[in-house]
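A.B. asks: Sharing a structure below in structure tokens format, with a few things to ask.
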Amino acid sequence: MKSLQIAALAVSVLASPLAAAHGPKSRVIHAKTVETVKFGPDLTDIQILVPNDDGQGTMTAGTERLPAKISIPVHYHPGTEEFIYIVEGEGEASLDGEVSKVTAGDMILIAPGSHHGLSNTGTTTLKMLWSYNNKKMVDFFREFSFKDAADRDTRATRAYWDTLAEKYKSTIVLLPPPGGAKHD
């Protein structure tokens, strides 16, 4: 719990200059009121703590639970900064081709355009707190989420992914995996 409190403080301190310039509202967001989505092919749980329609300036934040041995493929965000705080678990962060081990308490700072990915190399769930200075990321998370595995298996076709990739190309760009293989 202390780690999550430190992470929340770090995100609020880092975000405050940006948010102050846009006139955000001060308030408490209670965990039981936040939106949770099942994201991507692995149906990871994402909680959207600061949605894109709340008058909170340009910032958004949320948590994600990455199951053991699951990875977020290497990608980048044109013009978008991202912070990831590791709350629980362990993994490897790839930043512009350099791989670093990460554990609970570590913060990953991702510059705009930086090629990055995250792998859970542990045997337990990796929990992270993330923040972006681009609210369109919330739209992407919502649109690339599924009710369950059956919904994912029906809708998550290559054409569906290509449509999302084109729609959000100014927000997120998925890179091909090493060796020229294609993402499924």
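A.B. asks: Each residue of segment 74-82 in order: what ³J(HN,Hα) in whole Hz does its phi give by Karplus 6.51 cos²θ - 1.76 cosθ + 1.60, θ = phi - 60°, with x for Gly and Pro?
C.D. replies: 4, 7, 8, 10, x, x, 10, 8, 9
A.B. asks: What do you get for trypsin sites (Lys or Arg not before Pro) in segment 65-101 restricted to DSSP loop and a cutoff of at most 16 other Cβ within 10 Å of the site's Cβ? Present the calculation step by step, with values, prior to reporting the outcome.
C.D. replies: On the way: sites: Arg65, Lys69, Lys101; in loops: Lys69.
Answer in residue order: Lys69.
A.B. asks: Please list the non-local residues whose amide H lies under 5 Å from the amide H of Thr44, H modeled 1.01 Å from N, same-chain partners needing a gap of 5 or more.
C.D. replies: Long-range HN contacts for Thr44: Phe39.
We did not get these values from a lab; they are worked out from the coordinates using the rules stated. Everything quoted here is computed from the prediction, not taken from an experiment. A quick note on method: Cβ atoms are made from the backbone with ideal geometry, for glycine too, and the neighbour counts reach across all protein chains shown.
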